[in-house]
Structure formats: C-alpha cells, structure tokens
Amino acid sequence: MKPDLSKEELKLFSSKTPDDFIDRSLKVDIPRGRKAFIARLWLRKTGYQSADIEYARNRHPYWKARKGEGGAERVLARLHEHDYSGGQSIEWTEKRIQKFIELNAKGKNGKYITRDWELAKRFKCSIATIQHMRRKYNMATRIILAGNGKVTAKKLLEYLQMGEGMLREMTRSL
C-alpha cells in the first residue's frame with residue numbers, strides 16, 4: 001500500500017539510502033512535521049533504523065557546518081564560566097600533583113570520571129590548566145609504558161614535575 005503523498009513528498013519517500021534521504025530532505029519544501037511523518041514511513045518501507053538517518057545526518061556537510069556554528073564562542077564561554085583561578089596561577093606542589101593523579105582516573109568506557117571543570121574547581125584553576133596537566137599525564141604514562149615499566153604514582157609524580165615541552169621531546173624519541 002502506497003501512502004497518499006504529494007510530488008515533493010514522493011521525492012523524499014523514494015530515497016534509496018539514508019544519505020540520499022538527508023540530501024533530498026534538504027532540497028524538498030515540506031514542513032518539518034510532515035518530513036518526520038514521511039521519515040517514519042520510509043524507515044518502515046526500507047528497514048533502516050532512525051540511527052542510520054542520524055548517522056548520515058551527522059556526516060552531511062550542511063549539518064556539520066550547522067553544528068559547528070558558534071562552536072568557538074561556546075568553548076570560550078565554557079572556559080570563562082569555569083575559570084576558578086581568580087586570575088592567579090597556582091603552583092603544582094607534590095601534594096597537589098598527587099591529588100591530581102588520584103582524581104584523573106578513567107572509567108571502563110575510556111572517559112575521565114572527573115570532568116575538567118570539576119578538577120578546575122577543586123584545584124582553583126582554569127580548564128586550560130587541567131587540560132595541560134592531563135596532556136602531561138598522558139605523555140608521562142606513554143613514556144613509562146615504553147620503558148616497560150609499571151605506571152605508579154611515584155613515577156608519574158616525577159614526570160609531572162617536568163615541563164610539557166620536555167615530556168613532548170621524550171615522547172617523540174620513543
């Protein structure tokens with residue numbers, strides 16, 4: 001049974017792939033609600049899932065550009081919102097570094113358990129400072145593992161007291 005659709009709606013409904021569906025949905029002049037209705041019909045007809053359309057949409061140049069609009073402004077707003085430094089730089093003492101090592105753990109999914117802004121608040125610094133320390137932490141871990149060593153807090157402390165440039169040179173020579 002073919003649904004009763006207009007000429008424009010049939011163009012969208014006759015799409016073969018999710019990529020084609022996204023392309024055509026940008027070109028046809030149909031209200032959003034009607035597009036959603038046609039999308040449900042199209043999914044039933046083709047056997048694709050809504051995740052397939054979402055995947056195609058995220059890869060489409062038009063939607064990539066739309067999602068990227070204002071990205072720099074959002075990042076700057078986030079950095080300013082979570083700057084707990086009060087304009088002061090902090091000294092990374094051994095005690096602070098040890099606490100950072102404890103809090104810098106990753107979960108099973110590979111994401112950090114404690115977010116950047118939470119660490120920034122805890123250490124009264126900026127997100128950029130936390131990201132700097134995480135880069136150093138990751139380089140130190142790479143260096144220790146390359147030397148067939150076990151990553152311990154003591155070894156990490158030793159490397160995290162070095163400058164980022166020095167650690168970067170060491171990782172390049174691996």
Collect the residues in the stretch 152-174 that are closer than 15 Å to residue 102 by Cβ, in contact with a helix residue (DSSP H, G or I) (Cβ under 7 Å, 6 or more places away or on another chain) and loosely packed, with under 15 Cβ neighbours inside 10 Å, keeping them in residue-number order. 153
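Examine the stretch 113-120 for a residue that is surrounded by 14 or more Cβ atoms within 10 Å (Cβ to Cβ), of a type outside the set (Val, Ile, Thr), touching a residue at least 60 places away in the same chain (Cβ under 8 Å) and over 30 Å from residue 24 (Cβ atoms), and state whether such a residue exists. Full working, then the answer.
First pass over the stretch 113-120, keeping only residues surrounded by 14 or more Cβ atoms within 10 Å (Cβ to Cβ): 114, 116-120.
In the following step, the residues that additionally are of a type outside the set (Val, Ile, Thr) were identified as 116-120.
Going one step further and asking which of them are touching a residue at least 60 places away in the same chain (Cβ under 8 Å), we end up with none.
Scanning the stretch 113-120, I find no residue that is surrounded by 14 or more Cβ atoms within 10 Å (Cβ to Cβ), of a type outside the set (Val, Ile, Thr), touching a residue at least 60 places away in the same chain (Cβ under 8 Å) and over 30 Å from residue 24 (Cβ atoms), so the answer is no.
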Hey, among the residues in the stretch 21-52 that are surrounded by fewer than 17 Cβ atoms within 10 Å (Cβ to Cβ) and hydroxyl-bearing (Ser, Thr, Tyr), which one's nearest to residue 63 (Cα to Cα)? 50
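Yes/no per residue for (1) free of Cβ contacts under 8 Å to residues at least 12 places away in the same chain; (2) assigned by TED's automatic domain parsing to the domain that holds residue 134:
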residue: 41; (1), (2): no, no
residue: 50; (1), (2): yes, no
residue: 53; (1), (2): no, no
residue: 60; (1), (2): no, no
residue: 63; (1), (2): no, no
residue: 75; (1), (2): yes, no
residue: 96; (1), (2): no, yes
residue: 106; (1), (2): yes, yes
residue: 109; (1), (2): yes, yes
Wholly enclosed helices (runs of 4 or more DSSP H) of the stretch 60-174 bearing at least 2 residues of a type outside the set (Phe, Trp, Tyr) and in contact with a His (Cβ under 8 Å, 6 or more places away or on another chain): 116-123
The residue that is surrounded by the most Cβ atoms within 10 Å (Cβ to Cβ), considering only those in the stretch 1-20 that are in a helix (DSSP H, G or I) and at pLDDT 95 or above, is 18
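The values are calculated or read from the model by the stated rules, or taken from the named source; none is laboratory data. Just so it is clear, the model here is predicted, and its values are computed rather than measured. Here the Cβ is made from the backbone with ideal geometry for all residues, glycine too, and neighbour counts use every protein chain on show.
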